[in-house]
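The block underneath contains the structure these notes are about, expressed in structure tokens.
FYI, it's all coordinate maths here, none of it is from the lab. This is a predicted model, so every value here is computed, not measured. Ideal geometry is used to build each Cβ from the backbone, glycine not excepted, and the neighbour counts take in all protein chains shown.
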Amino acid sequence: MNASSQEFQPNYDESKIPPYVLPDPLLTASGDRVTSPEQWAARRAETIELFENHVFGRMPAERNVDAKVVRRDPTINDGNTIRYELTVTIHPLKASTTTEPKSLEIHVLADVPKQPDSGGDEGQISSGPYPAFLGLNFHGNHTVSPDPSIRIPSSWVPDRGSQTTDGHRATERGRGVAASRWPNRMINGAGYAVITAYCGDIDPDFDDGFQNGLHALMPDYVESLPPDQRPGTIAAWSYGLSCILDAVTATEELNIDASNVALIGHSRLGKTSLWAGATDTRFAAVISNNSGCGGAALSRRAFGETVARINRNFPHWFCEGFHHYDQRESELPVDSHQLLAMAAPRPIAVGSAVDDQWADPRGEFLASLHASPVYEVLGLAGLKDEENQTPSDLPVVDDAFTSGTISYHLRTGKHDLKESDWMRYIQFLDRFLK
Ligand code: GTR
């Protein structure tokens, strides 16, 4: 009947990519061409609605959030970082008639640079408030650093085997296992704070029929939507990122510049940072690392992971409406170049890895390229090479295009977020956030 009844064979052959025409990001539904920033505002709103209805689902515009600092440790990284832990509570929007929704607690970790006591050469670190990266993590804040004091999540975690989890519960054994993805000492040394939270504190990463996490806080809201447009887990995670930004904005003690917070995410969490940046324009910049299908890669190429495949393996990530496009990518009213363009006029960085063909590096590059006309209408350069020209092909491996407002880089190696990726992102964002 569809892909689920056959063995899926991913296509990795450029010559077998179906012919496709991308939707024009600057052509409105009524057929008018966008030529000014004013017209773009209306087209942008229309495009967000298309992504809500056909890809991610819709979350409410309101949020109800409190934040409390529960730990402040100024001894981290030889005293160069202040580590904060916060409890961020998301309250129900209003009393539900069907159930009694409780509040949801998210644990947030923030590593904030500290100005060296003695100025000297290290005086390059200002006294703040600091620009920051905000990104979710896959398995708990305790996996980000071996620090024995970081709170371990009490929420459901994916099973990683007895070495780090016990039947969907996080354990002490998981401390620091994801530290290579979070080189916070280096990032703080470059003058940026790092804020992270476990995605499963917001919504568990399994098909729970919307019974847990954020959906359980707003059952009436979810029910009120047409079934196709009910938000999937990526929309819930994105909403959670906005709640964390609310909390950071309200907590002056953190010394973070809430107007200079860049979203970062790897893989499924890169899809999430793209959607969070699209729906919440308070974020100052957006980074998608190896986000692939449903993220930065063009769906119409059906290269590596496809819409049908991702919907089959992760039926809870996107809205039901997205499932209509299984093996019918050409009928999607949008594609990923438009998702990237939702960041405009803010800077956006897309990173791919050569051995991550499942995420379609070329599809991520082409989306970055085809997002450029939107930046140009706003008077900005989109994707440009070092000679300020529009690139005609991918950069050479381990090189990048960073001179415009869109950055793209291609790294050696596998699906991962590495220190070298962070260094690219920092170098690019230094131009905008500092
Ligand atoms: C894969 C999935 C990708 C990507 C990845 C990840 O299994 O097919 O879309 O999201 O997981 O998040 O690591």
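Below 8 Å between Cα atoms, with a sequence gap of 6+, how large is the relative contact order for the stretch 64-259 in percent? Before the final figure, lay out each step's value.
On the way: 383 pairs, mean separation 48.9, N = 196.
Computed value for the stretch 64-259: 25 percent relative contact order.
Which whole-number percent is the relative contact order of the stretch 179-303 (Cα, under 8 Å, 6+ apart)?
Values: 131 pairs, mean separation 20.6, N = 125.
Relative contact order here is 16 percent.
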- When we measure straight from the Cα of K434, which aspartates and glutamates land under 15 angstrom away, once same-chain ones fewer than 8 places off are left out? D257
- Message: Connecting C-alpha atoms closer than 10 Å in a GNM of the chain, tell me which of S242, S267, S30 has the biggest fluctuation.
- Response: S30
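Could you work out the percent of alpha carbon pairs in the stretch 64-259 separated by over 32 Å, rounded to a whole number?
On the way: 3804 of 19110 pairs.
Here the long-distance tail beyond 32 Å is 20 percent of all Cα pairs in the stretch 64-259.
Rg over Rh of the chain, using C-alpha atoms and the Kirkwood radius, what does it come to? Could you put the intermediate results ahead of the total?
Values: Rg = 20.9 Å, Rh = 22.0 Å.
Answer for the chain: 0.95.
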- Message: Considering only C-alpha atoms, what is the centroid distance from the stretch 159-207 to the stretch 346-387, in Å?
- Response: 28
- Rounded to the nearest 5, the percent of DSSP beta bridges in the chain running antiparallel is 55
- If packing is taken as the mean number of other Cβ atoms within 10 Å per residue, what is the order of 168-180, 364-376, highest first? 364-376, 168-180
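For each pair in K271/K418; K114/K271; K16/K384, compute the distance between the two Cα atoms and list the pairs where it is over 26 Å. Intermediate results must be reported in sequence, preceding the final value.
Numbers: K271/K418 17 Å; K114/K271 31 Å; K16/K384 28 Å.
Flagged as over cut-off: K114/K271; K16/K384.
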- Long-range HN-HN contacts of A353 with modeled amide H, under 5 Å: R411
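Within a Cβ distance under 10 Å of D355, other residues only, what is the Lys/Arg minus Asp/Glu net charge? Could the numbers behind the result be given before it?
Values: positive: R411, K414; negative: D356, D416.
Overall, the nearby charge balance is 0.
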- Item | Amide H partners (placed H, <5 Å) of G140, local residues excluded | C199
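If contacts are Cα pairs under 8 angstrom and at least 6 residues apart, what is the relative contact order of the chain in percent?
So the answer I get is 17 percent.
Which order do the peptides 346-352, 389-395 take when ranked by the mean count of other beta-carbon atoms within 10 Å per residue, highest first? Walk me through the numbers before you get to the answer.
Values: 346-352: 27.1, 389-395: 13.4.
Peptide ranking by packing, descending: 346-352, 389-395.
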- Return the FRET efficiency for the residue pair S224, R72: r is the Cβ-Cβ distance, R0 is 51 Å, and the value is rounded to the nearest 0.05. 0.80
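Ranked from highest to lowest mean number of other Cβ atoms within 10 Å per residue, what is the order of the peptides 43-50, 404-411, 288-295, 303-310? Numbers along the way, then the final one.
Numbers: 43-50: 17.0, 404-411: 25.2, 288-295: 29.2, 303-310: 21.5.
Descending mean neighbour count gives 288-295, 404-411, 303-310, 43-50.
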